[in-house]
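One structure is given here, and the rest of the page talks about it.
The values are calculated or read from the model by the stated rules, or taken from the named source; none is laboratory data. Predicted model, so just to flag it, every value in this text is computed and none were measured. We place every Cβ from the backbone using ideal geometry, glycine too, and count neighbours over all the protein chains shown.
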């Protein structure tokens, strides 16, 4: 772990305006995002939480400047907005809309400095409680002791945004009440424990496990 960094909420600059259209993603970036999203969705379903998981959703918090925002690779919104699956953007000033409590950014090899130099500022201003930054290719800059495979930023009691972890993992997630583990330097896996024994499964993984258990039970009964 490296020394803690701390960010106060800053003025919103014009460069935070969201671009028109979707920014291209590499296939590894897309797969890592999808796998993490699938774990969170299965967890929400399993626990019966009033929450929604989103990918690349436009999150906006300044009503006077509605084009200013972030679009997290994955985020957790709690409670679920009234539009549910018809949600096209999250606007903090609208009734029933809350900024995500957790967000994940995966560092892109094409824009490696963004998530190191700018994302913490943006999420601090946005009001997100927790931000995880995953850099599977270690493409980030050397500034601040980087690059870091995994970073965890959390809002403290004073309202500042603090980097509480930077390293190879695991990192504790206060919002999820779980641990973030780097799996094979390609994926981010959530687990109930620091050792990574009680992993969160996707729906597909859980179904495959049930099939394997049933097959093992049939073999045992023969």
(request) Exactly one condition in (1) assigned to a loop (DSSP other than H, G, I, E, B); (2) over 26 Å from residue 44 (Cβ atoms); (3) touching a residue at least 24 places away in the same chain (Cβ under 8 Å) is not met by residue 144; state its number. (result) (1)
(message) Would you confirm whether or not region 61-79 contains a residue that is more than 21 Å from residue 118 (Cα to Cα), modelled with pLDDT of 90 or more, touching a strand residue (DSSP E or B) at 6+ places or on another chain (Cβ under 6 Å) and buried (at least 17 other Cβ atoms within 10 Å of the Cβ)?
(response) yes
(message) So, in region 184-197, how many residues would count as being in contact with a helix residue (DSSP H, G or I) (Cβ under 9 Å, 6 or more places away or on another chain) and either outside any loop (DSSP other than H, G, I, E, B) or at pLDDT 95 or above (or both)?
(response) 4
(request) Sort out which residues of region 92-126 are in a strand (DSSP E or B) and either at pLDDT 95 or above or under 18 Å from residue 166 (Cβ atoms) (or both), and write them in order of number. (result) 102, 103, 104, 105, 106
(request) For region 160-175, name all the residues that are out of contact with any helix residue (DSSP H, G or I) (no Cβ under 9 Å at 6 or more places or on another chain) and in a loop (DSSP other than H, G, I, E, B). (result) 168, 169, 170, 174, 175
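Determine whether residue 200 is within 20 Å of residue 38 (Cα to Cα), surrounded by 10 or more Cβ atoms within 10 Å (Cβ to Cβ), touching a helix residue (DSSP H, G or I) at 6+ places or on another chain (Cβ under 8 Å) and at pLDDT below 95.
The answer is no for residue 200.
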(request) Could you tell me whether region 147-154 includes any residue that is modelled with pLDDT of 95 or more and farther than 27 Å from residue 109 by Cβ? (result) no
(message) Kindly evaluate residue 178 against the criterion of being surrounded by 10 or more Cβ atoms within 10 Å (Cβ to Cβ), touching a helix residue (DSSP H, G or I) at 6+ places or on another chain (Cβ under 8 Å) and either within 16 Å of residue 102 (Cα to Cα) or in contact (Cβ under 8 Å) with a residue 24 or more places away in the chain (or both).
(response) no
(message) Give me the residue from region 181-191 that is free of Cβ contacts under 8 Å to residues at least 40 places away in the same chain and surrounded by fewer than 18 Cβ atoms within 10 Å (Cβ to Cβ) and, out of that set, nearest to the chain's Cα centre (by Cα).
(response) 183
